[in-house]
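Step one of this worksheet: look at the structure below.
The values are calculated or read from the model by the stated rules, or taken from the named source; none is laboratory data. The shown structure was predicted, so the numbers you read here are calculated from the model rather than taken from an experiment. FYI the Cβ positions are ideal-geometry reconstructions off the backbone, even for glycines, and counts take in every protein chain you see.
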Amino acid sequence: MIRLFKLEYFTILLLFAIWGSLDSNISSVLSIFSSLTTLSFVDLFSILRTLGPYVIFVIFIFFYYKRLRFKTSSGNLNFILTILVLNFLIQLIASFVYQNNTLLINLNLILLSCISLVLFIIEFNLGNSKKVLVFSWFILFLIFMWFSSIMFLWYFSDKNSIANLYGGWPQSFLVIEGLTENIPRSSGISRSALILAMPIMFSLLIRTKINILLYFFYNYSFFIMVATQSRIVLLGLFLFFCAIIFYLITLKKGPILKIKKICLIILIPIIFSGITMSMKSLQLENNNNLKINSVSDFSKDPDVNKFFRRTDPVSFTSRRYDDWQEILKINNNIFLGNGMMGDRWIINQSASNLILYNYASSGIIGVFLFALLMLRSFFLCSKIILFHEKKINKHNYILLSACYIQYFLMGRSLVESSFAVFGIDFLIFFAAYFFTEEYYNKKKLKK
């Protein structure tokens, strides 16, 4: 039966399984197996999404091993892949030496990362990297809609006493107990909104007809970005607007049409978000609800403007700078690091910086290796945008979106671990990166 499936269909199934394993925990599954109680639906679902990628990958290799090549036609990409494997190997060895109690969790993350890269290699060799990126967007859309919908309902509920979405609502996400091991933060949901909005904005820029449902989703995702008020996301949105205006100027369109495009992409979403937040503010006034939704000790001032996030008067970086200093001070394994998730092993929380995450996890060597990956990504995207695809059209807007997504995630890596560790950023970044590598490799082969 399995041989009846095309290789391309099986790889998409594997992609869905990998995405489904996000935030799963191998230790939790083992504890379920060790318990003598009856398995609930949630337990079965946890087992399925945790073990799914491994089962499908083994079946995949068994039936298609003759058609698989783990080396690409691009020497540069092969070099980057060697770098990534070496970095993971260093983290695995360091985890074994220093983190025996979390070795299984770290091994799970490394294996999922490697399985993902193998999938991207296979799709690259098949010329399907663009499809992988589009499917990844679709899966991210499903995840985003689930959590953002819960957030949106919470936003207009009486439990919420501010007119923005910065900070908390952790209990509201627990609609089904045990469904996920990790409750998302507002910045993560905001990041997903921008990644999904980028290709939509480009589509609105070049197409004459507007898909009403897609445009409504764009306005909704814009509201999520404005309301969650992640500074790095809002900065990324502003810079992307600058790119939109630049491409709009280069289009051979009349001034009236250009003004309409600006209204569609920028002005109407701003008005929509402003009206939505004003409705919440009006609800608060009608309910005489003057309490401030406390996220941390510095946010208990009742005079804080409800439309804007509360700022920490002590730390501009939301205390990230203190964590960075602590990692630099405490880390004794300078060259090879402390293993995967080394930041949590050192300071018991995220480093909130890709460079310092690698420094804590795989040392100076890991920082150097990941720097090479980022330089390659930056070089590819810059060359595509500035030389190969200087003007936007319906044939290249997905490619350009892939480039700007890489720019954004590299910028986000200054304040988050981002794509250095397996997760949404990792899957989106490498799906976009492999697509740009595939495009550039085809360009070289045509010469």
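Numbers for the structure displayed
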| read-out | value |
| --- | --- |
| Qualifying position, being surrounded by fewer than 21 Cβ atoms within 10 Å (Cβ to Cβ), hydrophobic (A, V, I, L, M, F, W, C), at negative phi and without any contact (Cβ under 8 Å) to a residue 12 or more places away in the chain, among Leu126, Leu89, Leu107 | Leu89 |
| Filtered residues of region 93-104 (kept if surrounded by fewer than 16 Cβ atoms within 10 Å (Cβ to Cβ) and either within 21 Å of the chain's Cα centre (by Cα) or closer than 23 Å to Ile365 by Cβ (or both)) | Ile93, Phe96, Val97, Asn100 |
| Every pair of residues 6+ apart whose Cβ atoms lie under 6 Å, when the first sits in region 324-351 and is in contact (Cβ under 8 Å) with a residue 24 or more places away in the chain while the second is of a type in the set (Phe, Trp, Tyr) and surrounded by fewer than 20 Cβ atoms within 10 Å (Cβ to Cβ) | Asn338/Tyr98; Gly339/Tyr98 |
| Every residue from region 423-447 that is within 10 Å of the chain's Cα centre (by Cα) and in contact (Cβ under 8 Å) with a residue 60 or more places away in the chain | Gly423, Ile424, Asp425, Phe426, Leu427, Ile428 |
| Of the criteria (1) modelled with pLDDT under 95; (2) on the phi < 0 side of the Ramachandran plot, which one Gln229 fails | (2) |
| Given (1) over 20 Å from the mean Cα position of the chain (by Cα); (2) buried (at least 21 other Cβ atoms within 10 Å of the Cβ); (3) hydrophobic (A, V, I, L, M, F, W, C), index of the condition Ile385 fails | (2) |
| Single residue of region 240-272 satisfying the filter (without any contact (Cβ under 8 Å) to a residue 24 or more places away in the chain and among the charged types (D, E, K, R)) that is surrounded by the fewest Cβ atoms within 10 Å (Cβ to Cβ) | Lys252 |
| Selected residue (only one of Val415, Val421 is buried (at least 20 other Cβ atoms within 10 Å of the Cβ), modelled with pLDDT under 95, within 21 Å of Ser230 (Cβ to Cβ) and among the hydrophobic types (A, V, I, L, M, F, W, C)) | Val421 |
